[in-house]
Amino acid sequence: MKSIGVFIFLNICNIVCCFALSIIAPFFPTYAKDKGLDLDLIGYIFSLYPLGMLLGSLILGKIITDANRPKIMNVGVVLEGIALILFAMMYYTDDHALILSLAVIARLIGGFATSMFLTPFYAYIQQLFPQEVEKMIAYCEVCTALGYMGGPIFGSLLYKLGGFTLPFYFFAGLSLFLGACLPIYYKSLQGFTESFLVFKSQAPPEPDEPDISYLKVIMKYPVMATLVSVVMIYSIFTFYHPIQADYFQWQYGVDADSVGYYMSMVNITFVSFSLLVAQIKTMKPFFVYFGLIFSGYLQLYAGPDYDFTQQKPDIWITTLAWVATGIFTPAPYVLGIPQLNNILNDYYPDSPKKANNIASALYNACLAMGGLLGPVIGGYLGQFYGFQRSTSLLGLSVLAAAAFYAPYLFIFKEGKVHEKHEKSIKKNK
């Protein structure tokens, strides 16, 4: 029961970290435009958060130990609150350069702070629940999705109640409170670590596994096809961050304090269908492929773009396309890491642990890449081509990724490598 309590508390911190990423989506683009920032620049600001996460993960991976892991998590939660306070500070100035500087610093610090919590957090799962690792990680992913879903909703609500600063002050206060409470769990976390190390020391020694090169892995077509699909699917969500709220407001007249509800609709269907996709046991590549096809096609209607759909802008069409996107994106997103595990274990049967580690690292790198590229490209295309045409270009890009993925369907079947690839795999043994 103690491990359940610790797990629940850490997932509350997880949700708050995800809130910190997404609360600005409904109201910041319009506010930033009023302050003189262009859409492409707003896109860069949104992308700084995942950049901070990426840099933080790479650095922390080299310095985290069992002794400092709880303290790093604690500092991360507190630093998240400080970053939110910095973001609120831009409300008190009209200086363009200062506003831009505060936004850049706050997003980078916020992303780095999130990595300080999440990187050690996932390492604790196998210590808290050594017999239920996969199931508990799935629960963590649901909490993450709930954080992303709730961010725009709470951001809109708090913005409506107290203006620009309230969302930041509220979640900053919550982060600082959780940071103050986290030391209470230091002893429990250290106890779980010691128990886990004792358990590992009693197990028979594991043989050294041959090393695996990142470059050689990425150059394999099945791996590359999977990585491209994950990047494109995650980019769909981040692509809209700098441009969607503004479009709903000027095209459909949705108030700034209500637009977050529209933006969050996709997360509701995404969470629901992610739980269903997690139950898929066979034919996974086909679910991924058709998920890409339908997700790409739906982006043509997200405007909608009249040249492609012969449909004029309609809030119902835009909203339904956005909601339906949450139905088809979970397959490539959720099945990405097990598919990479399957591919790499087929290629490297003598290095199962390292293959799984490489698969996890590549998957997280793809999410970070999608988080970086989506807002930048979305802001740039929205600035120069408008929302309707930019969403069509996004859809065509996803369809191109589906075309690149299609040959994979004939190479791997239920984890078995096609005969023509067996020779190349044997060379890696």
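Taking 0.36 nm per residue of sequence separation and subtracting the Cα-Cα distance, how much length would be gained by fully extending the chain between residue 258 and residue 75, in nm to one decimal?
So the chain would gain 62.5 nm between residue 258 and residue 75.
Arrange the residues 28, 177, 287 by how much accessible surface each exposes, largest first, with a 1.4 angstrom probe.
Result of the area sort, largest leading: 177, 287, 28.
As a quick test, which of the pairs 284/312; 160/284; 33/312; 33/284; 160/312 have an alpha carbon distance above 32 angstrom in this structure?
Beyond 32 Å between Cα atoms: 284/312; 160/284; 33/284.
Between residue 12 and residue 35, what length in nm is gained on full extension when 0.36 nm per residue of separation is reduced by their alpha carbon distance? Provide the component values of the computation, followed by the final result.
Numbers: separation 23, 0.36 × 23 = 8.28 nm, distance 3.38 nm.
My answer for the length gained is 4.9 nm.
Keeping all protein chains in place and using 1.4 angstrom, which order do 369, 224 fall into by accessible surface area, from largest down?
Output order, biggest surface exposure first: 369, 224.
Ranked highest first by average number of other Cβ atoms within 10 Å, how do 233-243, 108-118 line up? All intermediate terms of the calculation are to be shown ahead of the outcome.
On the way: 233-243: 26.8, 108-118: 25.1.
Listed from highest to lowest mean packing, they are 233-243, 108-118.
May I ask for the distance between the Cα centers of the range 1-59 and the range 218-245, given as a whole number of Å?
Between the Cα centres of the range 1-59 and the range 218-245 lies a distance of 18 Å.
Work out from phi, with θ = phi - 60° and the Karplus expression 6.51 cos²θ - 1.76 cosθ + 1.60, the ³J(HN,Hα) of each residue of the range 237-253, listed in order in whole Hz, and give x for Gly and Pro.
3J(HN,Hα) across the range 237-253, in whole Hz: 6, 6, 4, 7, 3, x, 10, 6, 4, 4, 5, 4, 6, 7, 7, 10, x.
Can you work out the PRE-style zone for residue 396? Point 7 Å along Cα to Cβ, and I want the residues of the range 305-321 with backbone N under 14 Å.
305-309
Quick one: accessible surface of residue 17, probe radius 1.4 Å, all protein chains present, in square angstrom to the nearest 10.
Its heavy atoms expose roughly 0 Å² to the probe.
Enumerate by residue number the trypsin sites (Lys or Arg not before Pro) in the range 208-289 meeting two conditions: DSSP loop (anything except H, G, I, E, B), and at most 15 other Cβ atoms within 10 Å of the site's Cβ.
Filter output for the range 208-289: 281.
May I ask you to order 45-54, 262-271 by the average number of other C-beta atoms within 10 Å around their residues, highest value first? Please report the intermediate quantities before stating the final value.
On the way: 45-54: 23.9, 262-271: 21.0.
Ranked from most to least packed, the peptides come out as 45-54, 262-271.
The values are calculated or read from the model by the stated rules, or taken from the named source; none is laboratory data. Keep in mind that what you see is a predicted model, and the values were worked out from it rather than measured. FYI the Cβ positions are ideal-geometry reconstructions off the backbone, even for glycines, and counts take in every protein chain you see. The area values use the complete protein model at the heavy-atom level, side chains included, leaving out ligands, DNA and RNA. Shrake-Rupley method; radii C 1.70, N 1.55, O 1.52, S 1.80 Å.
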